[in-house]
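First up is the structure itself, then whatever we jot down about it.
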Amino acid sequence: MSNTVNEINILNADDAELMRISREGTLSLNLNEMKTIQTHFGALGRNPTDVEIETIAQTWSEHCVHKTFKSIIRYSEDGKEPEQIDGLFPTYIQRATEDIDKPWCVSVFSDNAGIIEFDETFNLVFKVETHNHPSAIEPYGGAGTGIGGVIRDALGTGLGAKPILNTDVFCFGMPDMPYTELPKGTLHPKRVFKGVVAGVRDYGNRMGIPTANGAILFDSRYTANPLVFCGNVGLIPRNRCEKSVEPGDLVVAVGGQTGRDGIHGATFSSAELDDTSESLGSVVQIGNPIMEKKIVDALLQARDRNLYRSITDCGAGGFSSAVGEMGEHIGAEVHLERVSLKYDGLAPWEIWLSEAQERMVIAVPPENLSELVAICEAEFVEATVLGTFTDTHRLQVFYEGAIVADLEMEFLHNGLPKPVKSAVWQPPMHPEMPSRDEETKNYTDDLKRLLASPNIASKESVIRQYDHGVQGGVVINPLVGVANDGPSDACVITPVLGSRKGVIIANGINPKYSDVDPYLSAASAIDEALRNIVAVGGTIEKTALLDNFCWGNPDKPDRLGELVRAAKACYDIATAYGTPFISGKDSLYNEYRDTTTGEQRAIPSTLLISAICVISDIRNAVTMDVKAPDNLIYVVGNTYAELGGSHYFGIHGFIGNNAPVVRPDAAKRTMDRLSSAIDSGWVRSCHDCSEGGIGVAAAEMAFAGGYGMRLNLDNVPTGDETDADDYLLFSESNSRFIVEIEPQYRDAYETHIAGVPIGCLGTVTEAPEFVITGKAGHPIVETSIDVLKSAWQTPLHS
Amino acid sequence: MTEPKVLILRTAGTNCDAETDTAFQFAGAETALVHIQNLISGKVNLSDSHILAIPGGFSYGDDISAGILLAVEMKHKLTDALNQFVAAGKLVIGICNGFQVLVRTGLLPGVSTSNNGTSEMTQRATLAMNTSAKFECRWVDLETQRSPCVFTKDIKPSVYLPVAHAEGRFTAPVDVLAELEANNQVVFRYADSEYPKNPNGSDADIAGICDTTGRIFGMMPHPERFLTKWNHPRWTRSAQTQDTTTEEGDGLAIFKNAVNYAKANLL
């Protein structure tokens, strides 16, 4: 590679040639887009340079511009009139937030992260991203730079937020998968698991940011396409939430040097993986958390002295997107030879596109430059003036005096033709699994198997590798209970030490329900995230949501149909609950193609909902571990025969068809009343009832608290005629909780929650027994909490 | 001047500085976060402070081994300032990475009592990789030992604090360990020798030590993470686990002791 600029001959290219250029350059541009570029340059009477076409490809990539979510979709659903959707994002996500219109939303969808109000002095920023493709190829580096990238999103929001919490959700293939079944060119799930955890651990711990919330899911369909969701919460002064850029401001790069790492990351992640992707080492970035920590230390000082007007991170597309976005409405000129390089030999387009990590771009008024440089020098951080923001409305890039790119901002940002895509959805039919009450009278083994299934089993061995206490503000840990090892529903932190005001972070994710209906999967993910918030003492009234869609190839109508279903649920359920989306992201093309067999695999359609809630007094928070013998155990909310996609069906090899529905009117009343009961101090413990149903939730509460339970299914409130023991025990119906009430508060609690279906199932016992009596009056589960805890703790402990 | 001054030392990779700062403020001190560069350049004088705190983190990424680069920097670029500070009877505390730094400078366990005549700082112990071979974050019970340590004067016999480290296994030659015991320099021990109660496999379950004067103190657990009772991992079970008469966490006493000592002896 030489330091020269090449002209890309597209003016005379036919369709086949255009596509060859796109493919061989890893541009990920389709024919329509290539032709649009051809027409644009045809009118100019010249070919584009490599710098120009690469800049356009980055800016127009799925990764950067989310064209699927903005495209026009012709959608048809079994037995319904076809409809045209003018963008999933504006129609279902953004409109939900507008219709809900919460006054505490400060900035939504416009900056690098969403911003909500916290207290008189500070706001909170929250963003979750994925780093899936890189983590599939190089788990340690991919995951580490995933968390590094989302931290820079918080730092790049407003004028910069201080990162205060990380959250991580991973989806892997089955850890016990035989090596012989491993798809060609992919890494074993165990290796991906280990590498991803280590990458997130080493980056987050070194940055000094607590990792106090997360989840790990397993499904064989994630083997070739693991999912790595990384989230960050930041704290930002209220008067530092807005940014602007003025012509004459200097384009200043702050942080690490630029190398050849991570080139084409944005376009690479906008395509499917195949069995040759493993060799694409240069598309994965290299992380250096201490560099990023130094940048945070330097920039927050500069922010507080008002030394810059705007900031953004160098993520996908490197300088090309950072400078292109900041100067979108005015123009910018950049001189690439000024960029501080790790080594010589980079071509101009490589400097411009490199996704080398730990770099931020800020807009600095010239009179502030010397003070800014002094701060950076004191923290051993490089600050380099690359150019100037202009009023030309052009993005002009120079290299050693020669112009190597000269693009109209208007074409770059608005020239992308809006694609039209088609989508269909046809409800699947799976074999149904009847109740097993006829064949068995004892579900103890089922309960043990559920607790030991990798999706439910303890994740303590991972959680302990993350520093969840740094910064000193964690008040509800990810691990709770008498031995600090029970599974907390959410974490609670006090971002301002000494203040009682707290933040809850929780998540919901149910890809298994997508096998039945992605609408129910998405609705349930929202419900689950909100349940986790409510279970530790939050309210849905003060909760905002983030959406992260990870999907297969949206160019395939069935995959896109699933995306439409999920997006519709997001609108319906979020507006019913009044919980706005403040930020989100999508990662599509999570598919694997075996180039020899032509076999094609997609991940299960996966929506992660992350929730953030502000609470006024952390002293009212509760945890899920039972607290004392003789206290009463209630189930709150109706149970239905909803086992489609459930873990119980799963361990018996079934999917079923009745996935849990969300009934928002009843559910909202349930959550609101329960929140105020918790606030009143009547609830000693509370646990979200989800994977594995009442059986798993009650068992977890018992062994986390170190006490036994005697329960009876007779009092489980149902919304249908369900009376099979296994259905009642393991149904995963939404909007349910298990709570522990002291006998002295029984009347107060029951009066308060009147109108919400509840049932007193039994009591906490001093003895470590765990006994559940079925509808016929005989014990159907009879064991000890030690046996259950051991089943739950053993699988992932190595 | 009524409030003792605490200098909280930072450098690239320090990350427990803000909460250490808060801890000293809660304890009534006047605090300043100072980058080591500003001490080396002379922009800030160490001698203006009464207490030097080296917080936790991953100084310089813990490259080579935990704390060593910062230790070398302090030893060679701040030699006189440090010696004068210690000689003036002022206080030094190192927490987690800060403890690793103090051990690698030789300030802890301090100059050998059996080796009179030389006062050169040399490293005589180390904090090695945990026996579990990984980073671990968990709360541990500590037993307070009888020691001259001014930071732990009159504190509870049993203290509960979190650890979060990969390199926290205190180990030293047999004669150094014997000397520590003979001089009562062991300040905290993990309450049990078994993993995970001894989370890293430290010799003699050592969690924190001081020098023979009791004015230089280092510990692996994090007292700055337990300033109020709501930091306790089981506060929601409060009646069973905690003293209900106070809202203070176990960690705060360490900072208060330092501030009180400075008020009484250094102002």
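Under 5 Å between amide hydrogens, built in the peptide plane, is the criterion, and for A:Phe122 it picks out A:Arg238 among residues at least 5 positions away or on other chains. By definition, a body whose alpha carbon gyration tensor gives a ≥ b ≥ c is oblate when a/c is 1.5 or more and a/b is not larger than b/c, and the protein assembly as shown fits this oblate description.
Cα centroid distance between the stretch A:446-520 and the stretch A:63-121, in Å? Centre-to-centre distance over Cα atoms comes out at 27 Å.
Test of the criteria: in the stretch B:30-109, which trypsin sites (Lys or Arg not before Pro) are in a DSSP loop and have at most 14 other Cβ atoms within 10 angstrom of their Cβ? Each step should come with its number before you reach the end.
Details: sites: B:Lys43, B:Lys75, B:Lys77, B:Lys90, B:Arg104; in loops: B:Lys43, B:Lys90.
Here the trypsin sites (Lys or Arg not before Pro) that fit, given the DSSP loop and packing criteria, are B:Lys43.
Taking label positions 7 Å along the Cα-Cβ direction at both B:Val174 and A:Thr39, the computed distance is 8.7 nm, reported to one decimal.
Placing pseudo-labels 7 Å out from each Cα toward the beta carbon at A:Ala776 and A:Arg305 gives an inter-label distance of 7.8 nm.
Using only alpha carbon pairs under 8 Å that are at least six residues apart, calculate the relative contact order of chain A and give it in whole percent. Walk me through the intermediate numbers first.
Working: 2083 pairs, mean separation 114.1, N = 798.
RCO, chain A: 14 percent.
Distance from a point 7 Å along Cα→Cβ of B:Thr2 to each backbone N in the stretch B:8-34: keep the residues under 17 Å and list them by number. Within reach of a label on B:Thr2, which here means backbone N under 17 Å from a point 7 Å along Cα→Cβ, the stretch B:8-34 contributes B:25-31. Taking the alpha carbon gyration tensor of the stretch A:13-54, multiplying each eigenvalue by 5 and rooting it gives semi-axes of 16, 12, 8 Å, largest first.
Sequentially through the stretch A:13-26, phi angles give Karplus couplings (6.51, -1.76, 1.60; θ = phi - 60°) of 7, 7, 4, 4, 5, 4, 5, 5, 4, 5, 5, 6, x, 6 Hz, Gly and Pro residues having no value and appearing as x. Quick check: the angle from helix A:369-378's long axis to the longest principal axis of chain A, C-alpha only, nearest 10 degrees? Helix A:369-378 and the main axis of chain A meet at about 60 degrees. Residues whose amide H lies under 5 Å from that of A:Ser784, counting only those 5 or more places away or on a different chain, are A:Phe770; hydrogens are built 1.01 Å from N in the peptide plane. Relative to the longest principal axis of the Cα atoms of chain A, helix A:664-679 runs at roughly 80 degrees.
The HN-Hα couplings worked out from phi for the stretch A:98-107 by the Karplus form 6.51 cos²θ - 1.76 cosθ + 1.60 (θ = phi - 60°) are 5, 5, 6, 6, 7, x, 8, 7, 8, 8 Hz, whole numbers, x standing for Gly and Pro. On a 0 to 90 degree scale, rounded to 10, what angle separates helix A:557-577 from the longest Cα axis of chain A? Result, in degrees: 60.
May I ask which of A:Lys194/A:Lys789; B:Lys75/B:Lys156; A:Lys668/B:Lys229; A:Lys293/A:Lys342; A:Lys162/B:Lys156; A:Lys342/A:Lys459 have a Cα-Cα span longer than 27 Å here? Intermediate values should be presented prior to the final figure.
On the way: A:Lys194/A:Lys789 24 Å; B:Lys75/B:Lys156 34 Å; A:Lys668/B:Lys229 33 Å; A:Lys293/A:Lys342 19 Å; A:Lys162/B:Lys156 35 Å; A:Lys342/A:Lys459 39 Å.
Checking Cα-Cα distances, B:Lys75/B:Lys156; A:Lys668/B:Lys229; A:Lys162/B:Lys156; A:Lys342/A:Lys459 exceed 27 Å.
Exposure proxy for A:Ser435, A:Ser135: other Cβ atoms within 10 Å of each Cβ, ordered fewest to most, give A:Ser435, A:Ser135. Residue-wise HN-Hα couplings along the stretch A:241-256, as the Karplus relation 6.51 cos²θ - 1.76 cosθ + 1.60 with θ = phi - 60° gives them from phi, are 9, 10, 10, 7, 9, 10, x, x, 5, 7, 8, 10, 8, 10, x, x Hz; Gly and Pro carry x.
Cβ-Cβ distance of A:Glu377 and A:Asn414, R₀ of 25 Å, FRET efficiency by 1/(1 + (r/R0)^6): the value works out to about 0.05.
What does the convex hull of the Cα atoms come to per residue for the stretch A:501-640, in Å³? Provide the component values of the computation, followed by the final result.
Values: hull volume 20.8 nm³, N = 140.
Dividing the Cα hull volume of the stretch A:501-640 by its residue count gives 149 Å³.
This ranking places A:Asp489, A:Asp445, B:Asp250 by how few other beta-carbon atoms lie within 10 Å of each, fewest first, which gives A:Asp445, B:Asp250, A:Asp489. Put a dot 7 Å past the Cα of A:Asp714, heading toward its Cβ, do the same for B:Lys156, and the two dots end up 4.5 nm apart.
By definition, a body whose alpha carbon gyration tensor gives a ≥ b ≥ c is prolate when a/c is 1.5 or more and a/b is larger than b/c, and the stretch A:442-516 fits this prolate description.
Taking amide H as placed 1.01 Å from N in the peptide plane, the amide H of A:Gly214 sits under 5 Å from that of A:Asp168, each at least 5 places away or on another chain. Using R₀ = 41 Å, calculate the FRET efficiency as 1/(1 + (r/R₀)^6) where r is the Cβ-Cβ separation of B:Thr213 and A:Ser790; round to 0.05. For B:Thr213 and A:Ser790, the calculated efficiency is 0.25. Shape class for the stretch A:401-455, computed from the alpha carbon gyration tensor (a ≥ b ≥ c): oblate, with a/c not under 1.5 and a/b at or below b/c. Label point of B:Ser65 set 7 angstrom out along Cα-Cβ; within the stretch B:184-216, amide nitrogens under 16 Å from it belong to B:201-203. Cys residues of chain B that find no other Cys beta carbon under 4.7 Å: B:Cys16, B:Cys96, B:Cys137. When shorter helices are ignored and each DSSP H run of at least 4 residues is given -39500 (n - 2.57), the per-residue value for the protein assembly as shown at 222 nm works out to -8500 deg cm²/dmol.
Every read-out reported here was derived from the displayed coordinates using simple, explicitly stated rules and does not represent laboratory data. Model, not experiment: these values are computed from the prediction. Every residue, glycine among them, receives a Cβ derived from its backbone with ideal geometry; neighbour counts consider all protein chains shown.
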